[in-house]
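For reference, the structure discussed in these notes is given below.
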Amino acid sequence: MFNLMPFGYGRRNNWLQDMDRSFDSLFRNFGFNQDLMRTDIEDKGDHYEMMAEMPGLNKEDIKLSLDGDRLTIHAVHSEEQNKNDKKKNYVCRERSYSEYQRSFDVSDIVKENIKASYENGILQLILPKKEITDVDDGTIQIEID
């Protein structure tokens, strides 16, 4: 669960907030990282620049897809560590698997011109804006005789 208010702002001690904290701590213990894929989106005039933090991933782990007006960033990472593999008489053997996904509305973007790059744990997307034309707000003026 998440809170829209910054931490500590307007704090009230009630049972629902306690339950939220308990639920959040449960997922922290299972390796769910709320800080993963922190994303900044900056308006650069004719385009948006999106920067998503994705440390520890390889470029091959990341998939970008467009479905209508929805851009989805999907990442899967698996890792196996072998320590002191003594002919399958393991002293320690560990595996990890992580999957992350976020979606964004790109209805005002020229989808054919989206550019993406990944370097040093940062996914950068350049999202060109559609040119603004006369906006139809759905209102029709009716003249009175």
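The values are calculated or read from the model by the stated rules, or taken from the named source; none is laboratory data. Please read all numbers here as calculations on a predicted model, not as lab measurements. As a convention, Cβ positions derive from the backbone with ideal geometry for all residues, glycine included, and neighbour counts pool all protein chains shown.
Among strands (runs of 3 or more DSSP E) lying entirely in region 38-122, which contain 2 or more residues that are farther than 27 Å from I132 by Cβ?
Details: elements: 39-43, 47-53, 62-67, 70-83, 92-105, 115-119.
The strands (runs of 3 or more DSSP E) meeting that bar are 62-67, 70-83, 92-105, 115-119.
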- Any idea how many residues of region 23-48 are modelled with pLDDT of 65 or more and surrounded by 14 or more Cβ atoms within 10 Å (Cβ to Cβ)? 5
- Could you count how many residues in region 49-68 are surrounded by fewer than 13 Cβ atoms within 10 Å (Cβ to Cβ) and over 25 Å from Y97 (Cα atoms)? 2
